[in-house]
Structure formats: structure tokens, C-alpha cells
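All of the numbers you see were taken from the coordinates with simple rules; none came from a lab. All values derive from a computational prediction rather than experimental measurement. Here the Cβ positions follow ideal geometry from the backbone for every residue, glycine too, while neighbour counts run over all protein chains shown.
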Amino acid sequence: MKTQRIREKIKKYLESGSKSTIEILDMINNSSRHGTTCQQLGNVLSKDRDIVKIGHVKRGGIVSGTYNICEWALKDSSFVFNDMRIG
């Protein structure tokens with residue numbers, strides 16, 4: 001039941017456009033009492049058929065250097081990625 005609420009919040013949040021995993025995690029943790037872990041969020045995002053990964057965003061830190069974070073959108077959105085229309 002908890003993951004169902006998380007899915008609904010994510011889908012509502014992604015209606016305004018694509019977001020990175022960290023942005024989604026921050027939104028979930030700031031808007032709910034118990035929040036979620038990054039691992040659980042990754043499972044929800046990757047297994048939901050209405051949510052698609054559209055690319056990567058580079059993120060940098062002072063200690064950790066640069067790394068890639070996935071960017072997510074709703075499947076029925078009209079994003080163009082690598083000359084392929086999703087939706």
C-alpha cells in the first residue's frame with residue numbers, strides 16, 4: 001500500500017515535466033511523514049509502466065566528483081529523446 005501512495009505522488013509530480021531521481025526523492029521525503037529510501041524509489045520508478053527513463057543528468061559534488069543521475073518522465077508525455085518519440 002505504501003508504494004501505491006508513492007507511485008501516485010510521483011505521477012502527479014511528473015505531470016509538470018521531467019525530474020531527476022534526486023528531485024523526486026526530495027519531494028517524497030519532504031511531503032510524507034516517513035518518506036522513502038533511494039533504493040525503494042528506484043524500484044518503484046523502474047517497475048512502473050507509466051514512468052520512463054528519458055536520460056541522464058550530470059551531478060557534481062566537492063568530495064564525490066561528477067556522476068550521472070537518471071531523469072524520469074511520464075510515458076504519455078511528448079518528450080523527444082534520441083530521435084525517438086516516447087508516448
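Under a 5 Å amide H cut-off, with hydrogens placed 1.01 Å from N, residue 55 pairs with 71 among residues at least 5 apart or on other chains.
Of the residues 16, 46, 61, the one whose Cα sits farthest towards the positive end of the charge dipole of the chain is 46 (charges of +1 on Lys and Arg Cβ, -1 on Asp and Glu Cβ, taken about the Cα centre).
Going through the cross-link list 9/47; 2/58; 19/47, which pairs have a Cα-Cα distance over 19 Å in this structure? Beyond 19 Å between Cα atoms: 2/58. Given H placed on each backbone N at 1.01 Å, which residues far from residue 75 in sequence or on other chains put an amide H within less than 5 Å of it? It is 51, 52, by chain and number. Distances between placed amide hydrogens fall under 5 Å for residue 18 paired with no residue 5 or more residues away or on another chain.
Seen from residue 66, the other residues with C-beta closer than 13 Å to its C-beta sum to a net charge of +2, counting Lys and Arg as +1 and Asp and Glu as -1. Eigen-decomposition of the gyration tensor built on the alpha-carbon atoms of the chain gives equivalent ellipsoid semi-axes of 20, 19, 10 angstrom, largest listed first.
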